[in-house]
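The values are calculated or read from the model by the stated rules, or taken from the named source; none is laboratory data. Here the structure is a predicted model, which means the values were calculated and not measured. Here the Cβ is made from the backbone with ideal geometry for all residues, glycine too, and neighbour counts use every protein chain on show.
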Protein chains: 2
Amino acid sequence: MSEIWIMRIGHRPERDKRVTTHVALSSRALGARGIYVDTYDEVLEQNIRSVAERFGGDYSIKTGVRWQDAVRNFSGKVIHLTMYGERVDEALPKIPRDEDIMIIVGAEKVPAEVYQRADFNISVGNQPHSEIAALAIFLDRFTGGEALYSDRNGKLTVIPNERGKTVVENTKRRRMRPSARGRGLQEESDHPLLHRPRRRGGDDL
Amino acid sequence: MSEIWIMRIGHRPERDKRVTTHVALSSRALGARGIYVDTYDEVLEQNIRSVAERFGGDYSIKTGVRWQDAVRNFSGKVIHLTMYGERVDEALPKIPRDEDIMIIVGAEKVPAEVYQRADFNISVGNQPHSEIAALAIFLDRFTGGEALYSDRNGKLTVIPNERGKTVVENTKRRRMRPSARGRGLQEESDHPLLHRPRRRGGDDL
């Protein structure tokens with residue numbers, strides 16, 4: 001599988017801190033390798049690294065990177081998501097699968113040069129909506145959503161649950177032992193499931 | 001097709017204005033009928049109505065609605081999106097297609113009662129990411145993305161374009177005349193395409 005990188009442009013730390021955080025975390029959840037952000041933002045970097053450290057994987061973030069430099073140093077196809085671009089269903093089959101891709105995600109203003117430099121200008125719908133939503137749908141369709149439940153060897157793993165919350169702490173993640181019943185390797189289970197149906201839910205990270 | 005409604009809870013106007021705007025607009029782009037927001041927010045209502053008025057369709061917004069009331073007055077299945085829920089790929093086939101659905105989208109804190117009241121608690125990945133991204137992927141998969149390029153009879157229509165920006169003003173949208181070439185109805189074309197490859201792009205609404 002080729003690598004997916006995000007280039008976030010037009011980021012203003014105060015105004016965009018939450019939206020750019022959503023861009024980074026959703027791209028991480030969907031299998032991207034990392035994000036570049038044009039404006040330097042130390043707090044954003046810390047927040048994203050904190051999630052990546054707890055929940056695993058090797059997502060990276062670097063801020064203060066001009067998009068022109070990121071694109072110049074990148075070998076692969078550059079995709080710009082914009083509501084003005086060609087239809088995503090028509091564009092997807094044209095994107096080569098054996099090259100890395102870099103996805104440019106704009107904030108309010110996108111320089112015309114981006115439209116020219118991009119190998120593909122792709123829309124996810126022709127309605128004004130959300131760069132987070134557009135990126136998420138693009139990545140879900142491009143990857144088939146295969147990273148959504150992948151094992152990332154994190155300190156914390158959330159186990160899907162129809163009614164409550166199940167979070168596993170993986171402090172001894174690497175210590176596997178043969179199953180007593182001969183069903184192959186089994187994870188050591190001295191770490192109880194942290195089942196937390198707290199009175200006030202709390203989906204905060 | 002059954003109707004899709006969004007119930008946004010935990011909205012705090014100052015902190016969440018942009019995220020809730022993204023939730024509303026992306027659900028609109030993906031075919032939802034409207035959104036309820038628990039906290040009264042007149043500015044949010046105006047912004048969403050402004051987009052709906054210019055770009056068409058009949059998306060509605062009402063703020064200051066308790067989720068308990070919205071759910072009580074709703075006839076259909078209630079879906080709660082949460083990173084702790086069951087896998088989206090396993091949940092989707094269970095959702096009846098002949099009933100309306102209401103999707104509860106939380107902000108940071110979600111009361112435990114929501115988990116109990118929902119007919120389905122569904123995750124879009126088991127990683128922390130973004131309620132906007134989760135909603136977008138859920139709706140894209142649930143609807144097949146069929147609304148993304150649907151005609152909404154708006155004052156403005158964006159035409160997919162591989163390189164520039166094409167926006168059509170539909171001031172006489174309703175005035176159709178028979179085609180001179182006998183190919184049925186044809187739109188009056190005295191309104192030129194507004195092709196705008198502006199020097200500074202500008203994806204603002």
Could you grab me the full set of residues in the stretch B:118-128 that are closer than 25 Å to residue B:66 by Cβ and either touching a helix residue (DSSP H, G or I) at 6+ places or on another chain (Cβ under 6 Å) or at pLDDT below 95 (or both)? B:120, B:121, B:122
Set A:79, A:48: member being on the phi < 0 side of the Ramachandran plot, assigned to a helix (DSSP H, G or I) and buried (at least 22 other Cβ atoms within 10 Å of the Cβ): A:48
One residue from A:113, A:45, A:108 being over 28 Å from residue B:140 (Cα atoms) and at the interface with chain B (Cβ under 10 Å from one of its Cβ atoms): A:113
One residue is enough: does the stretch B:20-37 have a residue meeting the conditions in contact (Cβ under 8 Å) with a residue 12 or more places away in the chain and surrounded by fewer than 16 Cβ atoms within 10 Å (Cβ to Cβ)? no
For the stretch B:161-172, what are the residues that are surrounded by fewer than 18 Cβ atoms within 10 Å (Cβ to Cβ) and under 24 Å from residue A:109 (Cβ atoms)? B:162, B:163, B:164, B:166, B:167, B:169
Filter result (in contact with a Gly (Cβ under 8 Å, 6 or more places away or on another chain) and more than 14 Å from chain B (Cβ to nearest Cβ)) within the stretch A:7-40: A:37, A:38, A:39, A:40
Scan the stretch A:32-42 and tell me whether some residue there is of a type outside the set (Val, Ile, Thr), assigned to a loop (DSSP other than H, G, I, E, B), modelled with pLDDT of 95 or more and under 18 Å from residue A:146 (Cα atoms). yes
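Let's see how each residue does on (1) aliphatic (A, V, I, L, M); (2) surrounded by 12 or more Cβ atoms within 10 Å (Cβ to Cβ); (3) at pLDDT 50 or above; (4) under 22 Å from the mean Cα position of the chain (by Cα):
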site	(1), (2), (3), (4)
B:132	yes, yes, yes, yes
B:137	yes, yes, yes, yes
B:142	no, yes, yes, yes
B:149	no, yes, yes, yes
B:155	no, yes, yes, yes
B:159	yes, yes, yes, yes
B:178	no, no, no, no
B:185	yes, no, no, no
B:199	no, no, no, no
Condition (residue is in contact with a Phe, Trp or Tyr (Cβ under 8 Å, 6 or more places away or on another chain), in a helix (DSSP H, G or I) and either of a type outside the set (Lys, Arg) or over 17 Å from residue A:152 (Cα atoms) (or both)) applied to the stretch A:56-74: is it met by at least one residue? yes
Given the conditions (1) surrounded by fewer than 18 Cβ atoms within 10 Å (Cβ to Cβ); (2) part of a helix (DSSP H, G or I); (3) not charged (D, E, K, R), and given that residue B:2 satisfies all but one, which numbered condition is not satisfied? (2)
If you check B:131, B:90, B:99, B:146, which single one turns out to be more than 7 Å from chain A (Cβ to nearest Cβ), in contact with a helix residue (DSSP H, G or I) (Cβ under 8 Å, 6 or more places away or on another chain) and among the acidic types (Asp, Glu)? B:131
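If you check residue B:59 against the conditions, is it farther than 23 Å from residue B:148 by Cα and within 13 Å of chain A (Cβ to nearest Cβ)?
no
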Under 8 Å between Cβ atoms, at least 6 apart or on separate chains: pull out the pairs that start in the stretch B:66-82 with a residue that is modelled with pLDDT of 95 or more and end on any residue that is of a type in the set (Ser, Thr, Tyr). B:67/B:36; B:70/B:36; B:76/B:2; B:80/B:115; B:81/B:123; B:82/B:115; B:82/B:123
Could you check, for the stretch A:5-23, whether at least one of its residues is in contact with a Phe, Trp or Tyr (Cβ under 8 Å, 6 or more places away or on another chain) and of a type in the set (S, T, N, Q)? no
